[in-house]
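The structure appears right after this line, and notes come after that.
The values are calculated or read from the model by the stated rules, or taken from the named source; none is laboratory data. Bear in mind that the values here come from a model prediction, so they are computed numbers and not experimental data. Because the Cβ atoms are built from the backbone with ideal geometry, glycine has one as well, and the counts that use them run over all protein chains shown.
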Amino acid sequence: MRIAVFPGDGIGPEVTGEAVKVLQAAAARFGLSFSFEQGVVGGAAIDAAGHPLPPDVLRQARLVDAVLFGAVGGPKWDNLPMEIRPEQAILGLRRELDLYANLRPAFTFPALLDRSPLRREVLGDGIDILIVRETTAGSYFGLPKGPQEYAGVARTVDTCSYTDAEIERVVRRGFEYARQRRKLLHSVEKANVMATGRRWREIATALGQEYPDVKLQHMYADNCAMQLVLWPRQFDVIVCDNTFGDILSDEASAIGCGLGLAPSATLGTGGAVYEPIHGTAPDIAGTGKANPIAAILTAAMLLRYSAGREEAAAAVERAVAQVLAAGARTADLAPRGEAYLSTTDMGDRIAAAVATA
């Protein structure tokens, strides 16, 4: 496989390097062959080429089998116009490669259950939720967008727009993943107040006839946000639009073990991009305090969805669980005042554990 590595900004290069290390360990154990190609995106690309997603980097992304993406952004570029901010690197990849389905697992490790903000009687033995978020339409991409004047009054507009095909393809993904798991799908929208939500519900209901083995439940987005903290174990797969998916997936990750351990994959017709969901954390960049586990678990998703090697993906996930169970902690996970592993030390331990996990 050809994998493009776009490390990004802040802690992005540090944690992405550890993800590559673990991919190499998985390749050695399972007889895989990876070639890694570097590319510059985000703020680093703005500094070097004047654009967060230079044309040559986009061409590179089109030619490889998968993209391993770090985090982008930082205070240095906060005041740039919206169209050239670092975040346009990931938005541009989603748009140009038609990556319409963002997969955000939210789960708990037994060794870290006490770190969840929820009480144990609510959390139980933990959660295992997959949120499928639409990522190429909705209010993030709809037009018109921005400042306008209407009847002499200044206003600012974000348009939420979906075609039937855009809804159908991501909801169908939700059904397919639910069929592979516990056969329960929650379709989340705001059909009570939004026209796009009503159409979303109609299409999900119609598709449900094709998946009689999957139980479909409709839920309003605000109720879903509440239910995630009241009774998170009721959920298996959740499918929702771009905006609601963005919000609910962060909430679910925080209920689990936090953003430092939360991976994601964005899949579609033109490739696949794998990225941890945390930010660039410029305040700790270069200090060795960054937690690489989210990036490493993102690499596991690459093994599962692009390489098609479930056994290798599962080995990486088991390796992470084993290292955590043995007491290894990075700075964000260690109790105050106690010793912790550096970014590279945690990556080394997990890579070594892959050989036997």
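Summary of values
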quantity	calculated
Test: residue in the range 61-74 that is aliphatic (A, V, I, L, M), touching a Leu at 6+ places or on another chain (Cβ under 6 Å) and either within 17 Å of ARG304 (Cα to Cα) or not assigned by TED's automatic domain parsing to the domain that holds PRO276 (or both)	yes
Tally of residues being over 21 Å from the mean Cα position of the chain (by Cα) and in a helix (DSSP H, G or I) across the range 28-56	11
Exclusive hit being under 21 Å from the mean Cα position of the chain (by Cα) and in a loop (DSSP other than H, G, I, E, B), set THR287, THR269	THR269
Odd one out for THR287, checked against (1) polar (S, T, N, Q); (2) farther than 21 Å from GLY39 by Cα; (3) crowded, with 24+ Cβ neighbours inside 10 Å	(3)
Options VAL188, VAL157, VAL171: the member that is crowded, with 20+ Cβ neighbours inside 10 Å and not in a helix (DSSP H, G or I)	VAL188
Filter result for GLU317 (under 19 Å from ASP128 (Cα atoms) and in the same structural domain as PRO7 (by TED's automatic domain parsing))	yes
From the options SER253, SER249, residue that is crowded, with 23+ Cβ neighbours inside 10 Å, assigned to a helix (DSSP H, G or I) and out of contact with any helix residue (DSSP H, G or I) (no Cβ under 9 Å at 6 or more places or on another chain)	SER249
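A quick yes/no check of all residues on (1) in contact with a Lys or Arg (Cβ under 7 Å, 6 or more places away or on another chain); (2) assigned by TED's automatic domain parsing to the domain that holds LEU118; (3) touching a residue at least 60 places away in the same chain (Cβ under 8 Å):
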position	(1), (2), (3)
GLU202	no, yes, no
GLY208	no, yes, no
LYS215	yes, yes, no
MET219	no, yes, no
VAL237	yes, yes, yes
ASN242	yes, yes, yes
ALA254	no, yes, yes
PRO276	no, no, yes
